[in-house]
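Every number in this text was worked out from the coordinates using simple rules, so none of it is lab data. Note that the structure is predicted; figures quoted are calculated from it, not measured. Every residue, glycine as well, gets a Cβ built from its backbone with ideal geometry; the counts of neighbours run over all protein chains shown.
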Amino acid sequence: MPHSYQPRPEHKFTFGLWTVGNPGGDPFGPPVRNPRSPVELVHLLADAGAYGVNFHDDDLVPIDASPSKRDRIVSDFKDALDETGLTVPMATTNLFSDPAFRDGAFTSHDPEVRDYALQKTMRAMDLGAELGAEVYVFWGGREGAETDAGQPPTDAIKRYREAINYLAEYNADQGYGLRFALEPKPNEPRGNLFFPTVGAMLAFIQTLDRPETVGVNPEVAHEHMSGLNFTHAVAQAHDAGKLFHIDLNDQAFGRYDQDFRFGAESPKRAFFLVRFLEKVGYEGPRHFDAHAHRTSGWEDVRVFAEGCMKTYLILKEKAEQMRADDEIQALLGEINPDGHAQSEAANGFSSEGAASLKERSFDREALGERTQPYERLDQLVTDLLLGVR
Ligand code: GCO
Ligand code: MN
Ligand code: MN
């Protein structure tokens with residue numbers, strides 16, 4: 001019998017206020033959906049079956065709100081969370097919308113802008129911690145350049161490092177225990193963003209003062225914009241112990257920043273991702289950083305949110321089917337026999353071992369004649385995904 005694909009809290013499905021709340025504006029036209037308040041969005045997400053809701057500081061509290069207005073908004077939001085049982089696993093800062101950040105926030109040429117960005121982030125961390133967030137995402141939307149005629153990129157890298165180091169100390173000083181997740185993206189809105197890929201971000205993290213508290217927040221669309229294999233990027237982050245969060249959506253290669261519903265564009269790629277996350281037991285939130293088409297009304301936005309979670313659960317079920325499929329498992333065993341233990345690299349280096357390996361004779365031609373049935377394997381997976389297996 002097919003599952004109902006009903007999301008449950010243990011699936012840890014989360015959405016940003018800015019995702020379901022996206023009113024459908026784009027660079028060519030204004031918003032088309034009447035804005036919904038944070039409280040209304042919490043209810044929309046709860047009705048759809050989500051586990052959590054994330055926000056940028058400005059999504060919840062307008063940038064120019066008075067302290068009393070802030071307190072009222074936060075208290076209404078908390079009431080909505082209590083009523084629905086939704087959690088806030090992650091929070092983040094908007095360091096890209098305000099014109100003050102037009103030439104970057106932490107990497108701006110202007111020290112006053114850099115200080116303002118720190119202040120805004122500390123206040124946003126306070127808000128996130130107040131609402132129970134455990135992960136704090138940094139997406140440097142304006143940290144980039146259209147031309148390299150300005151600062152050398154090393155200045156930007158240095159300034160970004162100073163900011164993250166400063167904020168990591170603030171996190172420790174306040175006892176918040178937030179885990180920082182840095183989100184790379186190659187471009188949009190800037191012509192070129194610094195730290196464009198997961199690999200670039202992983203290398204940067206090792207240069208920080210407190211690398212152990214900092215990981216990454218990879219996003220499907222962002223690696224696809226660079227033409228990269230997202231599952232491989234996620235695997236490298238996981239291998240490094242740095243997969244602190246993940247942004248799920250979909251994106252055709254070579255197109256504008258699309259933020260499509262998870263699995264909408266390339267379900268087979270999404271399948272391999274879900275299979276990986278489930279196999280390694282990724283424990284963080286499954287956050288959907290996507291939004292509904294501009295053509296959608298509010299009812300369709302809810303369908304969009306349900307669709308993200310449903311597709312994840314269908315693909316999770318398909319991964320279980322793949323694991324239980326004898327023919328597929330036999331092929332996997334054929335392709336990847338347990339020869340690991342016999343390889344010299346796995347056994348480790350010794351002078352004697354290296355000397356004997358250098359003397360060993362290999363039948364190179366016979367090695368070159370060995371084949372692998374990936375066509376058979378991949379077609380079986382395709383049959384399974386298309387529902388004829
Ligand atoms: C984008 C980014 C953002 C960030 C968000 C969280 O392409 O605009 O993915 O949606 O994820 O700002 O910090
Ligand atoms: Mn994005
Ligand atoms: Mn994102």
- Task: Can you work out which of the residues in the stretch 23-60 that are under 24 Å from the mean Cα position of the chain (by Cα) and β-branched (Val, Ile, Thr) is nearest to Cys308 (Cα to Cα)?
- Result: Val53
- Within the bounds of the stretch 63-86, is there any residue that is surrounded by 15 or more Cβ atoms within 10 Å (Cβ to Cβ), in contact with a Pro (Cβ under 9 Å, 6 or more places away or on another chain) and of a type in the set (Phe, Trp, Tyr)? yes
- Message: It is to be established whether one or more residues within the stretch 229-243 are in a strand (DSSP E or B) and either among the aliphatic types (A, V, I, L, M) or within 15 Å of ligand 1 (Cβ to nearest atom) (or both).
- Response: yes
- Would you mind stating whether Leu202 is under 27 Å from Thr231 (Cβ atoms), surrounded by 15 or more Cβ atoms within 10 Å (Cβ to Cβ) and within 16 Å of ligand 3 (Cβ to nearest atom)? no
- Considering only the stretch 176-190, state which residues are more than 12 Å from ligand 1 (Cβ to nearest atom) and not aromatic (Phe, Trp, Tyr). Gly177, Leu178, Arg179
- Any pair with Cβ under 7 angstrom, 6 or more apart, that starts in the stretch 145-156 at a residue that is surrounded by 11 or more Cβ atoms within 10 Å (Cβ to Cβ) and ends at one that is not in a loop (DSSP other than H, G, I, E, B): Ala145/Asn192
- Note on the structure: Scanning the stretch 282-305 for residues that are among the acidic types (Asp, Glu) and surrounded by fewer than 17 Cβ atoms within 10 Å (Cβ to Cβ), the one farthest from ligand 1 (Cβ to nearest atom) turns out to be Glu299
- Message: Restricting to the stretch 199-219, give me the number of residues that are within 13 Å of ligand 2 (Cβ to nearest atom) and in contact with a strand residue (DSSP E or B) (Cβ under 6 Å, 6 or more places away or on another chain).
- Response: 2
- Enumerated helices (runs of 4 or more DSSP H) restricted to the stretch 1-82, each holding at least 1 residues that are within 16 Å of ligand 2 (Cβ to nearest atom) and in contact (Cβ under 8 Å) with a residue 40 or more places away in the chain: 17-20, 57-60
- Note on the structure: Restricted to the stretch 205-228 and to residues being part of a loop (DSSP other than H, G, I, E, B) and of a type outside the set (Ser, Thr, Tyr), the residue farthest from ligand 3 (Cβ to nearest atom) is Asp209
- Filter the stretch 244-260 for residues that are assigned to a loop (DSSP other than H, G, I, E, B) and buried (at least 23 other Cβ atoms within 10 Å of the Cβ); which is farthest from ligand 2 (Cβ to nearest atom)? Phe244
- Task: Collect the residues in the stretch 129-149 that are over 18 Å from Phe204 (Cβ atoms) and more than 18 Å from the chain's Cα centre (by Cα), keeping them in residue-number order.
- Result: Ala129, Glu130, Leu131, Gly132, Glu146, Thr147, Asp148, Ala149
- Message: Of the residues Thr295, Thr382, Thr311, only one is β-branched (Val, Ile, Thr) and assigned to a loop (DSSP other than H, G, I, E, B); which?
- Response: Thr295
